[in-house]
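Handing you this structure, nothing more for now.
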Amino acid sequence: MVMRDRTVAFICLLLTAIIWSTPITYFDTEFEGVDNDRMEWSCPRPITSPLPGAVDLDAVRSQLSATADGTVKSEHPQCRLLNSTQLVLGLLSLAGAAWKGRLWWLTTADSRAEKKFSRLHAKTSGEPKGMLD
C-alpha cells in the first residue's frame, strides 16, 4: 500500500500534536524505593514545560511517611528526561511533516498551474481588446 505525501504529512502533524500535548502519566516501576501503590506520579505537558524542575525524593518520602492512608501526588523524577525526549520526537515528526508536505506541494505544482491558467482564460472570448483593434 502506497500512501500519498499529503496523508503522510497529515499523520506526522497529528503525531507532533499528540506527542507535544500528552504528558506521560503511567509509571509502573518503583523508583528508588518509593512505593508506587501510594504514589500518583505525573509529568507536565512537554510543550508547556520542556525542562521541569528536579524532584526531591527526600521530600516525597517524608510526605509518604506523614500520610498514613491515601496517595501522594508528585512529578516523577525522570520527567526532565522524558519531556526532553518527547520534544525531540515531536521535532522529528514535525520535520517529517514539513518534508513530505514540501514534496506534495512540488509534485502538485503543475496541476495547480493548469487550474489557474484555465480559470484565467475561461472568461475571454479570444478577440483582441483595447488598443490591439
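Here is a yes/no grid of residues against (1) modelled with pLDDT under 80; (2) farther than 20 Å from GLY96 by Cα; (3) touching a His at 6+ places or on another chain (Cβ under 9 Å):
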| residue | (1), (2), (3) |
| --- | --- |
| ILE11 | no, no, no |
| LEU14 | no, no, no |
| ALA17 | no, no, no |
| PHE31 | yes, yes, yes |
| VAL60 | yes, yes, no |
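Output the number of the condition that HIS76 fails; it satisfies all remaining conditions of (1) open to solvent by less than 90 Å² (accessible area, probe 1.4 Å); (2) at pLDDT below 80.
Status for HIS76: all satisfied but (2).
A further question on this structure: Cβ-Cβ below 9 Å, separation at least six or inter-chain, first residue in segment 109-133 and under 24 Å from ARG6 (Cα atoms), second of a type in the set (Val, Ile, Thr) and at pLDDT 65 or above: which pairs?
Qualifying pairs under 9 Å: none.
Counting only residues that are in contact with a helix residue (DSSP H, G or I) (Cβ under 7 Å, 6 or more places away or on another chain) and over 12 Å from GLN86 (Cβ atoms), which one in segment 18-34 is surrounded by the fewest Cβ atoms within 10 Å (Cβ to Cβ)?
Step one: filter segment 18-34 for residues in contact with a helix residue (DSSP H, G or I) (Cβ under 7 Å, 6 or more places away or on another chain), giving 19-20, 24, 32, 34.
After this cut, where a residue has to be over 12 Å from GLN86 (Cβ atoms) as well, the list is 32, 34.
Working: GLU32: 8, VAL34: 17.
Selected residue: GLU32.
Continuing with the same structure: Restricting the first residue to segment 82-101 and requiring it to be closer than 13 Å to LEU14 by Cβ, which pairs with a second residue that is surrounded by 15 or more Cβ atoms within 10 Å (Cβ to Cβ) and hydroxyl-bearing (Ser, Thr, Tyr) meet a Cβ separation below 9 Å and a spacing of at least six or different chains?
GLY90/THR16; SER93/THR16; LEU94/THR16; GLY96/THR16; ALA97/THR16
Please verify whether CYS43 is touching a residue at least 24 places away in the same chain (Cβ under 8 Å), touching an Asp or Glu at 6+ places or on another chain (Cβ under 9 Å) and open to solvent by less than 80 Å² (accessible area, probe 1.4 Å), treating the condition exactly as stated. If you could, list the steps in order and put the result at the bottom.
Working: touching a residue at least 24 places away in the same chain (Cβ under 8 Å): yes; touching an Asp or Glu at 6+ places or on another chain (Cβ under 9 Å): yes; open to solvent by less than 80 Å² (accessible area, probe 1.4 Å): yes.
Taking the combined requirement at face value, the residue satisfies it.
The values are calculated or read from the model by the stated rules, or taken from the named source; none is laboratory data. The model shown is predicted, which means the values in this text are computed figures rather than measured ones. FYI the Cβ positions are ideal-geometry reconstructions off the backbone, even for glycines, and counts take in every protein chain you see. Accessible surface areas use protein heavy atoms only, side chains included; no ligands, DNA or RNA. Shrake-Rupley method; radii C 1.70, N 1.55, O 1.52, S 1.80 Å.
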